[in-house]
Amino acid sequence: MDVILWLLLLSLGLGGGALALFLWSLRAGQYDDIKGAAERVLYDD
Amino acid sequence: MSAVAVALAPAATEPATACAHCGLPAGGGQFCCAGCEAAFATIQGLGLGRYYRQRVLDRQARAPRPEAHAPRDFSRYVTTDAAGNATLTLAVDGLQCGACVWLIESVLAQEPDLLLGRVNLTTRRLRLVWRGGAARAEALVARAEALGYRLMPFDPALLAAARDRTGRALIRALAVAGFAAGNVMLMSAATWFGLTQGMGPATRALMHWVSALIALPAIAYAGMPFFRSAFAALRQRRTNMDVPISVGVILVSAMSLVESFRGGLHTYFDSAITLLFFLLLGRVLDHQARGQARATAEHLLTLRAADVAVLQPDGGTRRVAHDAVAPAARVLVGMGERVGVDGVVEDGHSTLDASLVTGESVPAAVAPGAAVFAGTLNLGPALIVRATATGARTLLAECVRLIEAAEARRGRFVVLADRVARRYAPAVHILAAATFVFWWVVMGAGVADSLLTAAAVLIITCPCALALAVPAVQVLATSRLLRAGILVKSATALERLAQVDTIVFDKTGTLTEPMPTPLAEADADAWRTAASLAAASRHPLARALHAAMPDVPAARGAEEHPGRGIALAVAGGTVRLGSRAFCDLPAAPAATTELWLARPGRAPVRFGFEERLREDAAQVVAGLRALGLAVVLASGDQAVPVRRIAALLGITDVHAACTPADKVALIERLRGGGRHVLMAGDGLNDGPSLAAAHVSVSPATAADISQTVADVVFQGARLAPVVEVLRLARRARSAMRQNLALAIGYNALMVPLAAAGLVTPWLAAIAMSSSSLLVLGNSFRLQGRARRWT
């Protein structure tokens, strides 16, 4: 049953990584201009 | 003049050409004005022509037509960092779509010293960072303004104060709670199935401990907003919805920890953290509904800060803040500048746009000796004004104070959710305490088991569906209204709108169109000539005249005499369009607003203007009656025009020649009679009554201060949004009530089970999630139905 420990650690690590990524993106202002981001993709330069 | 004059309808005729830059009628030519021509040339010259192919012009928004500006001083608003980089944030008026963002950024990118020029389409702000002094600001701003946008600087101090820290903290807490809830639920599901499939006690203990490891730090972090608010309430010896939440979450966590130590069968970590997740969802939605109001207020605050050019004894000028001007100082007001003080004109002839102060759309001519008020805009040549009142003693400041006083009288409106919470919180505590006492004393169970059962009661009754019930409806309703061009500024406005039973309308600019309409009294030839001259001017009356005949080309070589009229040299003399005096006519009192056309060798022709009802005013009044509302008309105008409009609409309760104080008195009288009054008005003179009413609506053409005060601001030429917003508000109220009933009904069903000790963690999890989802689902139903009415 050692495998359950590894799976627990793995799932927590993956989940925690996603959480850290989200908190980083929030801090970096990725959600400050959601409307603008949707339009900017149409203008390449 | 006949009582019901026939107005020429410009709506039926499509303009022959639209300006290639701003899209406004160009009267036969390619452009409507020199500014647009220059903007077009700039854009094509930089190779940015695809802007015109890719943009989507919104007819209801301000057209991107460049306006002439007096030089402005931005140094107050510029902040400079240690490295010598200057930063300026501006509100952008006239942004229409992504193409505008791209255009502004591409044009600004041509400036070599600009480090950052980025437009935020969501908040409609432009942030500029450049290397060098604050003096560069004006040139940079001018580049964007030459394209037709209007920019207003933000005060850096206000900007810092308004940064949305709470909103971000809530979202972070939501993310943490969501992560923890998901992971703890994985462990919990495993233990629940383990109970029936023979999971060993050691594995179960491991699951419980891992759950505790994830849940406890997450609860400590994500629960902070609730713990803080509950603590603050308790310290003031009050209770609020956050008190049962905090007590419940902490008690449940502590009991689950004890159970983990004891090696018990059930822990409730998943319930505690899922609860926080749902509650935070409600908080975030609620915060977003309030956020829209905040953003609008910030936009308008930028208009208040202005400085004044004071003439010095040596003939030079010095710019000082408007509240620091000494009484009797002589102030220079340039073209396109707002007057910063109340005073008397000492030198100069010009026209003032007083729409900010009076809501009157037709500019008034001023000459030496005329009284002027702070907040009016000088449309013509420079004036010298001797200040009689400055700063807080101006009429403008007086009006703002009246508004504030009226707002204070309106008192605090207790929202539905709070009214429910006041009764709910104590009831829940008593129930939980009774459960504990029952099991401990009556049934003789152990303290820990009794506490665990009481905790289960708290979990089941915890108001997560209740906390979602109102914000979810609010966010869905306000965002649906926003898409229709109706901005709901106050978070409680929807609930107040739903109670309205009486509506008081202002006349000018609210029931009638903000621009006057020319009367069809002159012959076609005179019309054509007048329209061609009018096309050369930006004066509101000239624009109204030209708008009635948009396909007439502008006269080449027409010369504007600001504040007086337009002249065109032709063979045999001069054609003039303007005031009586400008056309060399003897002075006489005018019956209505008028313009005169004088042509060599022909009799002068008069163009009268009248207010025209908004296109759908009659339907709207009928629609309001159908909703069961009493309709009242209160106007500052004289009795005759007010009664004419009232007769057209079939309104019988009419009050004419009202001062702002009269309107407030009328509203207070109605309130005294138990009425819930909706005030719809646009002028600054309506400001106090807008604030005094139960809830208020303004068109987007209204004076800035009225828009600040009003709970709801709508765009467009039609009045229909007033009915629409009332209908949706009523529907939203019934959805809120349904949600609350659902949530409370659910609890009533589950509480006996919990008190009997029959609720296990998996049952609690299902009950909690399904009631929250049910409430959310019911709210979304509102959006679906809303789409069908339009």
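The values are calculated or read from the model by the stated rules, or taken from the named source; none is laboratory data. Note that the structure is predicted; figures quoted are calculated from it, not measured. No Cβ is skipped: glycine too gets one built from the backbone with ideal geometry, and neighbour counts run over all protein chains shown. Accessible surface is based on the protein model in full, side chains and every heavy atom, while ligands, DNA and RNA are left aside. Shrake-Rupley method; radii C 1.70, N 1.55, O 1.52, S 1.80 Å.
Numbers for the structure displayed
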{"read-out": "Solvent-accessible ranking of B:SER229, B:SER771, largest area first, probe 1.4 Å", "value": "B:SER229, B:SER771"}
{"read-out": "Within the protein assembly as shown: Cβ-based charge dipole about Cα centre, in debye rounded to nearest 20 (Lys, Arg +1; Asp, Glu -1)", "value": "1680"}
{"read-out": "Efficiency of FRET between B:LEU57 and B:LEU585 - r from beta-carbon atoms, R0 41 angstrom, step 0.05", "value": "0.50"}
{"read-out": "Whole-number accessible area per residue in Å² for chain A, which is evaluated in the context of all protein chains at 1.4 Å", "value": "76"}
{"read-out": "Surface accessible to a 1.4 Å probe, B:ASP347 within the full protein complex, Å²", "value": "90"}
{"read-out": "Set of lysines with alpha-carbon distance to B:LYS507 below 29 Å, sequence-local pairs under 8 removed", "value": "B:LYS489, B:LYS663"}
{"read-out": "Extension gain, B:PHE261 back to B:PHE227 (0.36 nm per residue minus Cα-Cα distance, nm)", "value": "9.7 nm"}
{"read-out": "For B:MET185, solvent-accessible area (1.4 Å; no DNA, RNA or ligand), Å²", "value": "50"}
{"read-out": "Rel. contact order, % - alpha carbon contacts under 8 angstrom, at least six apart, chain B", "value": "13"}
{"read-out": "Order of exposure, largest accessible area first, which applies to B:ILE430, B:ILE43 with probe 1.4 Å", "value": "B:ILE430, B:ILE43"}
{"read-out": "Drop in accessible area of at least 40 Å² in the complex versus isolated chain, residues of the stretch A:4-22, 1.4 Å probe", "value": "A:ILE4, A:LEU8, A:LEU12, A:LEU19"}
{"read-out": "D_trans [Stokes-Einstein, Kirkwood Rh over alpha-carbon pairs] for chain B, 37 °C, 0.692 mPa s, µm² s⁻¹", "value": "108"}
{"read-out": "Derived scalar couplings ³J(HN,Hα) [the stretch B:18-23; Karplus, 6.51 cos²θ - 1.76 cosθ + 1.60; whole Hz; x for Gly, Pro]", "value": "10, 4, 5, 9, 9, x"}
{"read-out": "Relative compactness, the protein assembly as shown, computed as alpha-carbon Rg over 2.2 N^0.38 Å", "value": "1.14"}
{"read-out": "Relative pair counts by distance (%), Cα atoms of the stretch B:33-162, 5 Å bins", "value": "2, 10, 21, 24, 21, 13, 6, 3, 0"}
{"read-out": "Inter-label distance for B:THR388 and B:ALA748, nm, one decimal - labels placed 7 Å from Cα along Cα-to-Cβ", "value": "6.6"}
{"read-out": "Taking the stretch B:199-271 and dividing mean pair separation by its residue count, relative contact order in percent (alpha carbons under 8 Å, at least six apart)", "value": "34"}
{"read-out": "log₁₀ of I(q)/I(0) at q = 0.15, 0.19, 0.20, 0.25 Å⁻¹ - the stretch B:517-610, Debye sum with one point per alpha carbon", "value": "-0.49, -0.82, -0.91, -1.52"}
{"read-out": "Solvent-accessible ranking of B:TRP192, B:TRP209, B:TRP130, largest area first, probe 1.4 Å", "value": "B:TRP209, B:TRP192, B:TRP130"}
{"read-out": "Efficiency of FRET between B:ALA109 and B:THR79 - r from beta-carbon atoms, R0 30 angstrom, step 0.05", "value": "0.85"}
{"read-out": "Directionally averaged shadow of the stretch B:462-514, computed from the convex hull of its alpha-carbon atoms, nm²", "value": "5.1"}
{"read-out": "Apportionment of accessible area to carbon and sulfur, chain B, percent (1.4 Å)", "value": "60"}
{"read-out": "Nitroxide proxy distance, nm - points 7 Å out along Cα→Cβ at B:ALA169 and B:ALA254", "value": "2.4"}
{"read-out": "Inter-probe distance in nm under a simple model that places probes 7 Å from Cα toward Cβ, at A:ALA37 and A:TRP24", "value": "1.5"}
{"read-out": "Percentage relative contact order, the stretch B:566-686, counting C-alpha pairs under 8 Å, at least six apart", "value": "14"}
{"read-out": "Pairwise burial B:A, computed as accessible area of each alone minus the pair, summed, 1.4 Å, Å²", "value": "2200"}
{"read-out": "Exposure of B:ARG55 as accessible area (Å², to 10), given a probe of 1.4 Å and all protein chains", "value": "40"}
{"read-out": "Residue-span extension gain [B:ALA370 to B:PHE780] - 0.36 nm each, minus C-alpha spacing", "value": "141.8 nm"}
{"read-out": "Euclidean distance of C-alpha centroids, the stretch B:226-254 and the stretch B:103-121, integer Å", "value": "49"}
{"read-out": "Dipole of chain B, positive direction: furthest Cα of B:ALA232, B:ALA741, B:MET679, with charges on the beta-carbon", "value": "B:ALA741"}
{"read-out": "Sites B:GLU594 and B:ALA717 - FRET efficiency at Förster radius 22 Å, r taken between beta-carbons, to 0.05", "value": "0.35"}
